[in-house]
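Here's the structure, in structure tokens; my notes come after.
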Amino acid sequence: MSEPIRKIEAPVRLEFTVEAGRALTRFLSSIVEERIVGRRCPECTKVYVPARSSCPTCGVPMSEDVTVADTGTLTTFCIVNVPFEGQTMKLPYVYGAIVLDGADLPILHLVQGIPANEVRMGLRVKAEWTPPEERPASLEAIRWFTPSGEPDAPFDAYKEHL
Ligand SMILES: [Zn+2]
């Protein structure tokens with residue numbers, strides 16, 4: 001009697017192409033020009049960044065473009081201490097949820113320019129843009145966020161965005 005097979009390795013790979021659609025195309029073509037465009041839901045009035053075509057909560061189309069600031073508030077974050085394949089950032093580094101001024105939902109991005117152990121909820125941050133000649137049409141157009149120097153936002157100012 002041989003040992004039962006308990007485990008096999010089965011590498012799986014999927015490749016697919018995503019059509020950006022009108023809303024995301026607007027966001028991507030704007031971000032290379034150093035503008036961040038979201039869309040406002042006509043029912044709940046929330047501004048989504050990146051812009052999307054419909055509100056996932058209300059299920060209605062969104063068509064009102066809203067340009068938001070490249071400053072915002074760090075609401076939550078994690079400190080990355082574990083090395084992984086393909087890693088480009090020096091450990092430890094911070095990855096956080098940032099609600100841009102004028103937006104209602106956070107984007108996820110890197111936070112630099114401050115020791116990881118000093119990062120905190122409510123930290124006010126600003127985008128550091130990549131140079132125009134090397135700016136991609138993606139959220140990587142923003143290299144990372146750094147402290148803006150403003151006082152921390154009080155919890156009440158961002159508690160609805162967690
Ligand atoms: Zn809505």
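The values are calculated or read from the model by the stated rules, or taken from the named source; none is laboratory data. Keep in mind the model is a prediction, meaning the values are calculated, not measured. Methodologically, a virtual Cβ is constructed for each residue, glycine included, from the backbone with ideal geometry; neighbour enumeration extends over all protein chains shown. Remember, those area values only see protein heavy atoms, side chains included, never the ligands or the DNA or RNA. Shrake-Rupley method; radii C 1.70, N 1.55, O 1.52, S 1.80 Å.
Maximal additional length on extending the residue 32-residue 101 stretch stands at 22.9 nm, based on 0.36 nm per residue less the C-alpha distance.
Relative to the first principal axis of the alpha-carbon coordinates of the chain, what is the inclination of helix 21-31, with its axis defined by its Cα atoms, in degrees from 0 to 90 and to the nearest 10? That works out to roughly 70 degrees.
Given R0 = 45 Å, the distance between the Cβ atoms of residue 53 and residue 150 translates into a calculated FRET efficiency of 0.85. For residue 138, the solvent-accessible surface computed with a 1.4 Å probe is close to 30 Å², ligands and nucleic acids excluded. In this label model, residue 89 and residue 138 are separated by 1.5 nm, measuring between points 7 Å along each Cα→Cβ vector. Put simply, the Cα atoms of region 15-68 extend 31, 29, 13 Å along their principal axes, the longest span coming first. Available extension along the chain between residue 7 and residue 159 is 50.2 nm, counting 0.36 nm per residue and deducting the alpha carbon span. Shown for the chain: the carbon plus sulfur share of the solvent-accessible area, taken with all protein chains present and a 1.4 angstrom probe, equals 53%.
The phi torsions of region 11-20, fed into the Karplus equation with coefficients 6.51, -1.76 and 1.60 and a -60° offset, translate into couplings of x, 10, 9, 10, 10, 8, 10, 10, 7, 5 Hz, rounded to whole numbers, with Gly and Pro shown as x. The residues of the chain present an accessible area of 65 Å² per residue when probed at 1.4 Å with all protein chains retained. Sorted largest first, the principal axis extents computed over the alpha-carbon atoms of region 69-162 equal 38, 31, 22 Å. Considering helices alone, the calculated mean residue ellipticity of the chain at 222 nm is -2500 deg cm²/dmol, with DSSP H runs of length four and up weighted by -39500 (n - 2.57) and normalised per residue. Note on the chain: Rg/Rh from Cα positions, Kirkwood definition for Rh, rounded to two decimals, is 1.08.
Overall, the chain carries a charge dipole of about 260 debye about its Cα centre when +1 sits on the Cβ of Lys and Arg and -1 on the Cβ of Asp and Glu, all other atoms neutral. Please compute the length gained on full extension between residue 20 and residue 108, using 0.36 nm multiplied by the number of residues separating them and subtracting their Cα-Cα distance. So the extension gain works out to 29.8 nm.
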